[in-house]
Each structure stands twice: as structure tokens, then as C-alpha cells.
Number of protein chains: 2
Amino acid sequence: MREVRVIGTGLIRFGKFPEQTLADLARPAILTALAEAGVERRRIEAAYCGTALGGMMAGQRILKPLGMTSIPIANIENACASSATAFREAWIAVGAGVYDVALVLGVEKLTKLGGGPLPVEQEDWEAAYGLMMPALYAMRARRYLHDHGVGPEVLAQVTVKAHRHGAKNADAQDRREITLEEALSSRPIAEPLRRADCCPTGDGASAIVIAGADVARRLGRDGVRVVSSTLTSGKYMTGFRDFTSPEITTRAAAQAYESAGVGPDDIDVAEVHDAFTIAELLYYEALGFCPRGDAPKLLADGATSVGGDIPVNPSGGLLSKGHPVGATGVAQIVEIVRQLEGRCDGRQVEGAKLGLAHVTGGGVSGLDHGACAIHIFSR
Amino acid sequence: MREVRVIGTGLIRFGKFPEQTLADLARPAILTALAEAGVERRRIEAAYCGTALGGMMAGQRILKPLGMTSIPIANIENACASSATAFREAWIAVGAGVYDVALVLGVEKLTKLGGGPLPVEQEDWEAAYGLMMPALYAMRARRYLHDHGVGPEVLAQVTVKAHRHGAKNADAQDRREITLEEALSSRPIAEPLRRADCCPTGDGASAIVIAGADVARRLGRDGVRVVSSTLTSGKYMTGFRDFTSPEITTRAAAQAYESAGVGPDDIDVAEVHDAFTIAELLYYEALGFCPRGDAPKLLADGATSVGGDIPVNPSGGLLSKGHPVGATGVAQIVEIVRQLEGRCDGRQVEGAKLGLAHVTGGGVSGLDHGACAIHIFSR
């Protein structure tokens, strides 16, 4: 496998665009990524399109109006990890030399659900009986607060930080700053989670151009190096006796660090899957940024804010930047790449050399058939 | 890229199983493929699951009850070409050495649509106005009959052959033989297509285990060699001025033959995408088995029957074996592999050394954003 580099990035500001098609959403992201890469459409040899609910042939429906047909297009689904998985498959194919330059897309239109929950499959009886994502995370939050003797203000602090970062990101869906009091008094969703503890739903698209390192050089693009790609499946949590250990992320992180030859202390900036506030705290611990139980302290000390030791979600994360399911994985990578290139004015992690993007996907009931993808990048 | 070999195959007999989950459908196919490969579940390093309408995390939902978690699972969608695309991505990853042994699945449950048509996406206005698949193929059939001065009996002969082959296949959904008269008097669907010109809908699953050639050797398995993999996107037909040239297949075939270093005359057996009778005739021509306009003669001469020069769809094809969208691509490969291994008693193509599997997928409106996958295998 040859080295692969990200040479172009693009995304749209996530939001609610019920009148737009997937192609409408994705077009600006794709054109930005191509422009950054400095390649014309006809240089793209293959496309990998990540979407969870985009329907059949999403990639073809998006690329046809751009005249980008006659290339291999694979549509990839892994719930919230859909486009991170698409990125991985593209990385494998370009690394193997099957393609020199490939396009990776993430796209989703959640407004087509009309405000309702994600669809439930026949065998997802847990979800059918109410164990949807907010309820699942609420159980984990309640257990975490109980185990560590802390109150809901530690959750609220996550969303306050997210919105402080997101306010500096022109591409964030919800750019309003929020106070601790506002967060703690927002509408209850699934106690102890309140509205401010949950990411917004919305529509969005993200795009990345990758190339073999040798090809990137010929194109005159440095880009950012893909150091390692990790994808695994398994349990969202270790089991009912341990609700606050996200087994799948812990295991994926160990694989990712081993594969990259680095440790958590080497990471300068991370985007993690903060679909709910509690998730970010659990992932600090699962990713090794602090020992178990120390996440509230790590956050309160400012270590995970821009300017701290290990800034997490400088983009605003899912809580502020938004979370159109299939668009998220690539959007996280867009942020990490731009951070490593020093292009994130106002929220830049100074001197960032090594970045990590982490996403988990978990169907609907999600208790024990999740996906987790971790990608590590270096300048 | 190292050589990759298919070392295990499995599928269930397609049919209508509304009470079964995707996992129920896929389990027997997976266990058969693993048994044929002679590998235990824990030897599978990754899974690629092709499905068009299976919903989120189909692969995880299928593999979790089998205890096959903690591995990378990617779910792949490309309409009817979903599992052929999954096969290609698995081939790339194993060829690249990312994995030694991988599982490829195809699975679909069409009965969950309640007998209704495939879902229509927002921008598929052609489909919304009635240009569903049967209507699209009917237009092509009408044009073909007009251009070549032949009658609907040439279509009926395709389904007669399909059912003659399928009657010998214990895994075919519709194993009844059918006469020319029965075909020509079956219920009209979209003239000139009648019920007997259309594949049945149904549920189904298929599975394949692939391994690097060096790994297959260590496992003591010869298997069948993947000679070439081709995937492309583009137009279902050349344009409104030429309705009977399936541009995407013509182009994919040229790529496939060049990549494999063979020509159409070298192919001993083929499975092609006969979702409607007219399709098989068009694909004879697009795959180079005969010149344009000669497909009815090729068929009538018996060349494409088992025992002829280039047997097509010995399994019964989609018309008899059935067509659960996402399950089809891998099921076709299962048939080709078993033919090359001489295991198709009653419908065996004697001495087959080189086989080809061809599938096209086309969203719903499908006019100009299709997918086409062609895989060539050798003993």
C-alpha cells in the first residue's frame, strides 16, 4: 500500500433544506474540494459516497448532474460512520493503486424524515419499544453521573464548549454561543439529557479528494497524510454491567494508535462523535485522553478547548456544527485536514501536527452492533 | 495487488419470506460459504455486505447473531449491482493485503415493500410519472422488435430458456418450465412485456468467502481465480436516438476484456442481468457474444443454452432464479464459481474454464445514472 494524501476538502454549512435534493446539497462541497485539490472533474477516477438514508444510487444521482459519470461509484452505508467508512474504502483502493485520484462524499437529508425519528428495522425491537438514540445515551449519562458523583452541569459544560468553538466556524449549523444556565434549563428530552445536550438534526454534505502521495506530488499538492485508518464493529457499550465504557471505541483506539505508531498524548487535535454531550466525555476516556472518571476534570481544566492540551471538536462538533448522519465522518476529516493545514482562523489549534477523527455508528437500537472508524492524519 | 481467489460460496433459494429478518435470510448462505471455504467464523477478517434496501447496518445486523463482530464491516449499495460492488471492494482490500480472508454478502428483502414498487426519490420525476423499470424495458423491447423486424416470440424464447435452465437448479425461485405459448399468453405488464418477461420479486441472500491466493494455498483451497473486476457508472442506454444499445454494459465489457486479456469468444459461461427478457438479448450484443441485431438468432440456434457455444444464465438467471436486488450480484458469482468447479449437476457447462458475471443497477428512473459491474473468473 502506498501513502495516500488528502489534497482537497469541501463542505456546506449544515442546516434544514427540505427543498434541496442530495445533488443540490453535495454540489458546492464537491466543487470546493476539487478546487482545493486543483484537479478537474475528469481527473477523478472513482467516487465513494457515504450516506445512511440517501436511498438508492446516491452517488450517481449526485455526480450525474456534474458530468462525473463513467467512473466506478460505490455507495457506502454504516449509519453515522457511513462517510468515514467510504473514506476508508477509498483509502484502500488508492493505496492499492487501483485509482490515483478519488473523491469521497458524505451526504444526508434528514428533513426528508419530516422531523420523525430514524426508521426502525423489523428486528430492532429495542428501538421499537422506545430505546432510540436519546434514550440510550440518557441511560449512559445517568449511570456516569451516578458513578462519578457529578451533576448534569458536567454535561452542560460540553455543549457550552461546543458552541464556543462553533461560534467561530462559519460552517456550523448552530453558531449561537450558549451559557451553562441556558443549557441546564433547556427543554428535557430524555433525562438527564436536555435539548442542549443533543446535536441538531439537519441536511448536509461534505467532500474530500485523495490521491496517492506520488500523484499528489506530481500535482504539486502537499496535502495531509493519512497515517492510519481503523474500522471495526461491535458493542456500543461493554454490557449492561458497564454502561459507560464504549467498548467499540476503546478497541478501535488501541488499533488506531498501534497502527499509527503513536499514543493519545501525541494527538494535537481531535474531532470526536459528540452526538450527545455524554458521548464526548465517554470518548475522552475511551480515546485515552484521560483516565476513566476524569473526563469532567479534563473538560473543566480547559484541556479540550482550543488553546488547551488536546482540543476536541474545534469545529463545534456534532452539537454545534450539526450531524446529518452520513455527512459527518467526512466533515470531521475536513476539519482535521484544515486544522493541520493551519486554515481554521478563530478556532485554529496552533502548531497542530497530528489529528484524529473518530465516529461511531449504531443502527437504531445500536446496543451491540455498532461501527467505529478512527482516522489519524499528519501534516 | 496480489491474486485473489473465491474459496467458498453459499446462497439460499430465493422466495418470499415476509416473516424473516435479513439475518434469518443470510445465515444459511453464510454458513454454507464458510463450510465450503473450510474456515471458521473467526478467520473472517472483514465483511462487505451488499444491499439496496436493507436499511442501516445490514451487515452488522446479520453478523452479530453469528458472533461475527469486532471486524470491519462495510455496507455497500449500488441498486441491483450492490453485492457485485461489495465483491469488488472486498477484492480490492484483499488484493491490497489489508485483509487475508473476507466475507462478501448479498441480501435483500423485497417483501417488506408489501408488493409495491421500489421507492422513488425526490428527484426521480421520470419514475414518479410512471417510468418504472418495466416501462423502461418495455420501451427498449418495442424499439428492438421494430428495428429488427421480429415479434414478441423472441422475447418469450428467452424466458423459456431461463426456465429450462432454472428447472435444473434447486436454488431457483421459480423452477417451473414454461412453454412459448404460456409465455406469450401471460398477463400483460408493460407491452410488449408480459409477466413471463419479468423476473419475480422476492427475498434472498448470497455469500462468498475470498482470500489472497497465497492464503488460499495455505488453507489447502484451490478455489477460483478472480481474473478481473470492472465497475463503472453511466447511461443505461446511449440516448433517446438509440434505445437498444446499453452503453454502460458495452463500455464495461470492453474494459473487462482488456483488463482480463481475453475476448468474448474466450468466455465459456456467463451470468447476465436478465431482469427482463429484452435485457438478455441486448446484453448478448453488448457483451460481444454476437453482432447487434443477431441476438434472436444466437438464442434460437441454442448457442446460449447449456450445451451451446456460450451458455448464458445456466442458473436460470433473474427470470427463474429470482432477483432480490442486493442479493443478485453475489448469487451470479456463486453460479459462475460452481460452474467453473464443475459442481452444477444437470445444468453443468462441460469443461468451463472462464466465466463472466454481469450485473447492472439503475436506481429507479435509471435512464442515465446506472452502475455496471463485470467480473471474470478462471478455474
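Observations, loosely collected:
- Relative to the longest principal axis of the Cα atoms of chain B, the long axis of helix B:247-260 lies at roughly 40 degrees.
- The distance linking region B:283-309 with region A:71-85 is 37 Å (Cα centroid to Cα centroid, whole angstrom).
- The H on the amide N of residue B:342, modeled in the peptide plane, is under 5 Å from the matching H of no residue at least 5 residues off or on a different chain.
- Karplus-based coupling profile of region A:278-293, in residue order and whole Hz: 4, 4, 4, 5, 4, 6, 3, 6, 5, 8, x, 6, 7, x, 4, x, with θ = phi - 60° in 6.51 cos²θ - 1.76 cosθ + 1.60 and x standing for Gly or Pro.
- Between residue B:31 and residue B:176, the simple label model (points 7 Å from Cα in the Cβ direction) yields a spacing of 3.1 nm.
- Sequence-ordered 3J(HN,Hα) estimates for region A:137-150 from the Karplus curve with 6.51, -1.76 and 1.60 and θ = phi - 60° stand at 5, 5, 4, 5, 5, 4, 5, 5, 4, 5, 4, 9, x, 10 Hz, glycine and proline given as x.
- With K and R counted +1 and D and E -1, the other residues having a Cβ less than 12 Å from that of residue B:331 yield a net charge of -1.
- Using only side-chain charges placed at the Cβ, +1 for Lys and Arg and -1 for Asp and Glu, the dipole size of region B:81-218 relative to its Cα centre rounds to 420 debye.
- Computed FRET value (nearest 0.05) for residue A:297 with residue A:128, which takes r as the C-beta separation and R₀ as 30 Å: 0.20
- Phi to ³J(HN,Hα) by Karplus 6.51 cos²θ - 1.76 cosθ + 1.60 over region B:35-41, Hz, x for Gly, Pro: 5, 4, 6, x, 10, 7, 4
- Amide H within-cut-off set for residue B:236, under 5 Å, with H built and near neighbours excluded: B:368, B:369, B:370
- Simple Cβ-charge dipole of region B:178-271, Lys/Arg +1 and Asp/Glu -1, about Cα centre, in debye nearest 20: 360 debye
- Of the residues A:91, A:125, the one with the largest accessible area comes first in the ranking A:125, A:91, computed with a 1.4 Å probe on protein heavy atoms.
- Farthest positive-ward along region A:209-346 dipole, Cα basis, beta-carbon charges - from A:255, A:223, A:312: A:223
- Amide H contacts of residue B:75: A:77, B:49, each under 5 Å away and 5 or more positions distant or on a separate chain (H built 1.01 Å from N in the peptide plane; Pro and chain starts excluded).
- Unit charges on C-beta of K, R, D, E only; dipole of the protein assembly as shown, Debye: 100 debye
- Of B:168/B:353; B:161/B:321; A:16/B:109; B:109/B:321, those spanning more than 24 Å from alpha-carbon to alpha-carbon: A:16/B:109
- Spatial separation of Cα centroids for region A:1-29 and region A:108-185, in angstrom: 24 Å
- The relative contact order of chain A comes to 26 percent, based on Cα pairs under 8 Å that sit 6 or more residues apart.
- Of the residues B:129, B:245, B:1, the one whose Cα sits farthest toward the positive end of the charge dipole of chain B, with +1 on the Cβ of Lys and Arg and -1 on the Cβ of Asp and Glu, is B:1.
- Simple spin-label estimate for residue A:2 and residue B:143 in nanometres, 7 Å along Cα-Cβ: 4.1 nm
- Summarising the label geometry, the points placed 7 Å from Cα in the beta-carbon direction at residue B:350 and residue A:113 lie 5.9 nm from one another.
- Relative to the current alpha-carbon distance between residue B:238 and residue B:19, full extension at 0.36 nm per residue lengthens the span by 74.7 nm.
- Restriction of the GluC sites (Glu not before Pro) in region A:1-43 to DSSP coil positions whose beta-carbon has at most 10 other beta-carbons within 10 angstrom yields A:19, A:40.
The values are calculated or read from the model by the stated rules, or taken from the named source; none is laboratory data. The structure presented is a predicted model; accordingly, all values stated were derived computationally and were not measured. So basically every Cβ, Gly included, is an ideal-geometry build from the backbone, and we count neighbours across all protein chains shown. We work out accessible area using only protein heavy atoms, side chains counted, and drop any ligands, DNA or RNA first. Shrake-Rupley method; radii C 1.70, N 1.55, O 1.52, S 1.80 Å.
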